[in-house]
Amino acid sequence: QVQLVESGGGLVQAGDSLRLSCAASGRTASIYAMGWFRQAPGLEREFVAAIAWINTYYADSVKGRFTISRDNANNAVYLQMNSLKPEDTAIYYCAAGPRLNDYINWGQGTQVTVSS
């Protein structure tokens, strides 16, 4: 089993930056891909970014503004979010799995609120 704990969320203004962190523990050797998803009130959870080995993937809505990175030595993944917009407001979830798009472990989420 893998446990994921997110941190770094908060309340910011439009144009500001935030860096989310996700710490993994447990059977971390089973993790190949890690990703970030988000869910805004009344909407379905959506993909934000993923990293598998050295490859990164982004939703069109965050390309050029968000950067995902991974620290394998510390079993952590990060999401640097720049030029935040009010529409980025959501609960952000960290996910991990043995393959890209096969996320079987999820964190509890961290709230990001962007005011206009």
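Centre-to-centre, using Cα atoms only, the range 1-21 and the range 92-116 are separated by 10 Å. Couplings 3J(HN,Hα) of the range 44-52, computed from phi: 7, 5, 10, 6, 10, 7, 8, 9, 9 Hz, in residue order, whole Hz [Karplus 6.51 cos²θ - 1.76 cosθ + 1.60, θ = phi - 60°; x for Gly and Pro]. For the chain, the mean projected area of the C-alpha convex hull, equal to one quarter of the hull surface, is 6.5 nm². Derived scalar couplings between HN and Hα for the range 106-116 equal 9, x, 7, x, 9, 7, 10, 10, 10, 8, 8 Hz in order, rounded to whole Hz, by the Karplus curve 6.51 cos²θ - 1.76 cosθ + 1.60 (θ = phi - 60°), x for Gly and Pro. Couplings 3J(HN,Hα) of the range 54-66, computed from phi: 9, 8, 10, 9, 9, 5, 4, 5, 10, 4, x, 10, 10 Hz, in residue order, whole Hz [Karplus 6.51 cos²θ - 1.76 cosθ + 1.60, θ = phi - 60°; x for Gly and Pro].
Quick note: the coordinates plus some simple rules give every number you see, no bench work behind them. Computed from a predicted structure; not experimentally measured.
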